[in-house]
Amino acid sequence: MANKPSSYADLIRGQEKLLAAVKEHAPNLPSVEIHHTALQQLVDQLKDAKARQDSLRASGQAATQDLTDLVNQAKLAAIRLRSVVRADMGPKSEQLVQFDVAPLRKRGRRAAAKPPAVPPPTTPPAEVPATPVEPAQTTPPKT
């Protein structure tokens, strides 16, 4: 038994191989002509559908590129339009907000600098009585 086809090309190749084998042995197989013709028509339809799919994929990619270009052009046109609106209305006009443009506004006053807050004094931890450490014994030097 043959392996299952793993791709479209393998499927078509296998079907065409079957059709060629039936055509070669047609005199010995008189009752397969109807099935041969039906399979031949389906293989032709498969090829046409695959060609149409490839064409649509290519045109889909072209449509995506066109759409991306149009989006970029629209963004640039919007920037230009906002610039003209700002120039006509003035950079400080509050009406610029309607056009998604931030008007120039005065900066708010800064608050007077506060002196740094002094943290409350902390009480030192209670001292733990130290345990006396015995001096290390040294050996007298050898003479």
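The values are calculated or read from the model by the stated rules, or taken from the named source; none is laboratory data. Quantities reported herein were computed from a predicted structural model and do not represent experimental measurements. Note: ideal-geometry Cβ built from the backbone for every residue, glycine included; neighbour counts use all protein chains shown.
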Review point. Within the range 77-90, is even one residue surrounded by fewer than 10 Cβ atoms within 10 Å (Cβ to Cβ), at positive phi and outside any helix (DSSP H, G or I)?
Key: no
Exercise for review: Output yes when any residue across the range 98-107 is surrounded by 10 or more Cβ atoms within 10 Å (Cβ to Cβ) and either more than 38 Å from the chain's Cα centre (by Cα) or in a helix (DSSP H, G or I) (or both), and no when none is.
Suggested key: yes
Exercise for review: State all residues of the range 6-22 that are within 39 Å of the chain's Cα centre (by Cα) and of a type in the set (Gly, Ala, Ser); if no residue qualifies, say none.
Suggested key: Ser6, Ser7, Ala9, Gly14
Practice item. Kindly establish whether Leu70 is out of contact with any Gly (no Cβ under 7 Å at 6 or more places or on another chain) and either acidic (Asp, Glu) or at pLDDT 90 or above (or both). Key: yes
